[in-house]
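The values are calculated or read from the model by the stated rules, or taken from the named source; none is laboratory data. Just so it is clear, the model here is predicted, and its values are computed rather than measured. Using ideal geometry, Cβ is built from the backbone for each residue, glycine included, and neighbour counts are taken over all protein chains shown.
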Amino acid sequence: MAASNNPGNKDFLVVKGVVEEALPATAFRVKLDNGHTILCHLAGKLRMNRIRLTPGDEVQVEITPYDLTKGRITYRL
């Protein structure tokens, strides 16, 4: 049985960061609180509700433990 895709899934690391750069196709370069810079894309709910992000915005990011260089922006703080 596959893992469910609900928000309470514990397979992701949730960290905070700041948007550094807006890239094409709703991708962003985000600098995390620990100093690392990763490539992120918008989560579906942010895309559906047309939430806009600009450089300097604080965001919450979910990162999978399998690839720590990519993430999903789930919330704008």
(request) Go through region 28-50 residue by residue and tally those that are closer than 19 Å to Phe12 by Cβ and in a loop (DSSP other than H, G, I, E, B). (result) 4
(message) Looking only at residues that are in a loop (DSSP other than H, G, I, E, B) and in contact (Cβ under 8 Å) with a residue 24 or more places away in the chain in region 56-74, which one is nearest to Lys16 (Cα to Cα)?
(response) Asp57
(message) I'm trying to understand the selection: among the residues of region 55-66, which are at pLDDT 95 or above and surrounded by fewer than 13 Cβ atoms within 10 Å (Cβ to Cβ)?
(response) Pro55, Gly56
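Could you tell me which residue of region 1-23 is modelled with the highest pLDDT, considering only residues that are part of a loop (DSSP other than H, G, I, E, B) and not hydrophobic (A, V, I, L, M, F, W, C)?
Restricting attention to region 1-23, the residues satisfying the condition of being part of a loop (DSSP other than H, G, I, E, B) are 1-12.
Keeping just the survivors that are not hydrophobic (A, V, I, L, M, F, W, C) gives 4-11.
Numbers: Ser4: 44, Asn5: 54, Asn6: 57, Pro7: 57, Gly8: 59, Asn9: 61, Lys10: 71, Asp11: 87.
Here the answer is Asp11.
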